[in-house]
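Student: Below are the structure tokens for one structure; questions will follow.
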Amino acid sequence: MHYSLSDMILDLVQNSIEAGSRLIRLDLNRENNFLTVRLTDDGCGMTEGELEKAKDPFYSDGIKHKHRKVGLGIPFLIQTVEQTDGLFDIHSEKNKGTSLNIRFNLGHYDTPPEGDWPGLFMQTLCFEGDYELIINRMITGENGSESAYTLQRTELQDVLGDFNESGAMLLLRDYLRSQEEDLSV
Amino acid sequence: MAKMTLEELRKLRNSQKGEMERRDVEGKETHIIVGMGTCGIAAGAKDALDGFLDAIKANDLNDVVVKQTGCMGLCYSEPTVEVKVPGMPDIIYGNVNAAVAKEIVEKHIMHKQMVQDHIQDKPAGDIIK
């Protein structure tokens, strides 16, 4: 099982990419002790039956890993949320896309640490393939003040070119860290 | 670090590119492929990736391609990293932390010497000692 929340989100974004999505949106909003994560994609989606199976840890479609009998991304997430007074909601429509709404209770003793968000963003931006990813990261303060930044994959690719070239990746890392460090409420 | 704007990022990238063209890289690229499946991440693949990037920056290398991939099937020795350097056999290294990443950059990539203690998958014995 993953150590941090950001690593759990990585699996979900990877699911969206592997579902052939052209547009993926990831919104993260931390308000007081709650972190709300919303992920929507326009990938292949799932039927009601497939969606139920996705929640079952002892099910895998066997396409990505031929001999594997388990699929743990979503089941572990549901388990974590249930154990820590969070919320989890998933909707999917075949050939339309999937959306997830998650609320982590950061104040709960058993909620995993948040992890490295700029590191997660770099990983999700650097997968191969031609997909658009828009990330909105926001922190809302107690007095309602908001601090936020937005990342758009195509815009960053336009500036940096191929992210896999080490010079581009170094600048991308600096850029993402500087956005995160600037957040304040 | 102050918040960087997209324009600043573009300027930095352009000056970096200008520098690269002056150095006349022959199109021979080194590839570093970091296994970032669940097993890799749990074992610290992110630290290894950061270690590679830091060492590339510190040594001012500019013809390196860094990629992430899934599990390479060597979960017992994660983080695993495949290194491809022109003129050398492709090597998979295991148990790569940030310090080993630095060593791989400075020995394997810069001086074509393999980091012996971390080789997981190697060519025939007559190629390396």
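Student: Quick one: in region A:21-44, of everything that is more than 29 Å from A:Thr140 (Cα to Cα) and surrounded by fewer than 20 Cβ atoms within 10 Å (Cβ to Cβ), which residue is modelled with the highest pLDDT?
Tutor: In this case the residue turns out to be A:Arg22.
Student: Any idea which residue in region B:73-92 is nearest to the other protein chains (Cβ to nearest Cβ), counting only those that are in a loop (DSSP other than H, G, I, E, B) and not hydrophobic (A, V, I, L, M, F, W, C)?
Tutor: Per the stated criteria, the residue is B:Gly73.
Student: Kindly indicate which of B:Asp60, B:Asp117 is surrounded by fewer than 16 Cβ atoms within 10 Å (Cβ to Cβ) and either in contact with a helix residue (DSSP H, G or I) (Cβ under 6 Å, 6 or more places away or on another chain) or more than 14 Å from chain A (Cβ to nearest Cβ) (or both).
Tutor: Step by step, each of B:Asp60, B:Asp117 is checked, and only B:Asp117 is surrounded by fewer than 16 Cβ atoms within 10 Å (Cβ to Cβ) and either in contact with a helix residue (DSSP H, G or I) (Cβ under 6 Å, 6 or more places away or on another chain) or more than 14 Å from chain A (Cβ to nearest Cβ) (or both).
Student: Within region A:84-139, restricting attention to residues that are surrounded by 15 or more Cβ atoms within 10 Å (Cβ to Cβ) and charged (D, E, K, R), which residue is nearest to the other protein chains (Cβ to nearest Cβ)?
Tutor: Filtering first and then ranking leaves A:Asp116.
Student: Still on this structure: Considering B:Gly44, B:Gly70, which residue is touching a helix residue (DSSP H, G or I) at 6+ places or on another chain (Cβ under 9 Å), of a type outside the set (Asp, Glu), closer than 16 Å to A:Cys126 by Cβ and within 11 Å of chain A (Cβ to nearest Cβ)?
Tutor: Residue meeting the stated conditions: B:Gly70.
Student: If you go through region A:1-20 one residue at a time, how many are in a loop (DSSP other than H, G, I, E, B) and either surrounded by fewer than 17 Cβ atoms within 10 Å (Cβ to Cβ) or within 12 Å of another protein chain (Cβ to nearest Cβ) (or both)?
Tutor: 5
Student: Answer yes if at least one residue in region A:111-118 is outside any loop (DSSP other than H, G, I, E, B), out of contact with any strand residue (DSSP E or B) (no Cβ under 8 Å at 6 or more places or on another chain) and more than 25 Å from B:Met36 (Cα to Cα), and no otherwise.
Tutor: no
Student: While we're looking at this one, here's another question. Anything in region A:156-185 that is more than 7 Å from chain B (Cβ to nearest Cβ), under 20 Å from the mean Cα position of the chain (by Cα), free of Cβ contacts under 8 Å to residues at least 60 places away in the same chain and part of a helix (DSSP H, G or I)? List them, or say none.
Tutor: A:Leu156, A:Gln157, A:Leu172, A:Leu176
Student: Let me ask something else about it. If we keep just the residues of region B:16-41 that are modelled with pLDDT of 90 or more and either within 17 Å of A:Arg177 (Cβ to Cβ) or assigned to a helix (DSSP H, G or I) (or both), which is farthest from the other protein chains (Cβ to nearest Cβ)?
Tutor: Of everything passing the filter in region B:16-41, B:Gly40 is farthest from the other protein chains (Cβ to nearest Cβ).
Student: Still on this structure, please answer the following. Show the residue pairs that are 6+ apart or on different chains and have beta-carbon atoms under 6 Å apart, the first residue being within region A:25-46 and under 16 Å from A:Ala148 (Cβ atoms), the second being assigned to a loop (DSSP other than H, G, I, E, B).
Tutor: Taking only residues 6 or more apart or on different chains, the pairs are A:Leu35/A:Leu106.
Student: Can I ask one more? Quick one: in region A:100-123, which of the residues that are farther than 14 Å from A:Leu28 by Cα and among the polar types (S, T, N, Q) is nearest to the chain's Cα centre (by Cα)?
Tutor: A:Gln123
Student: Further question: Among the residues in region A:144-154, are any free of Cβ contacts under 8 Å to residues at least 40 places away in the same chain and away from every other protein chain (no Cβ under 14 Å)?
Tutor: Checked against the condition, which is being free of Cβ contacts under 8 Å to residues at least 40 places away in the same chain and away from every other protein chain (no Cβ under 14 Å), region A:144-154 yields at least one hit.
Student: I'd like the residue in region A:85-99 that is under 18 Å from A:Gly45 (Cα atoms) and assigned to a loop (DSSP other than H, G, I, E, B) and, out of all such residues, is nearest to the chain's Cα centre (by Cα).
Tutor: A:Lys96
The values are calculated or read from the model by the stated rules, or taken from the named source; none is laboratory data. Worth saying up front: this structure is predicted, and the values here are computed from it rather than measured. So basically every Cβ, Gly included, is an ideal-geometry build from the backbone, and we count neighbours across all protein chains shown.
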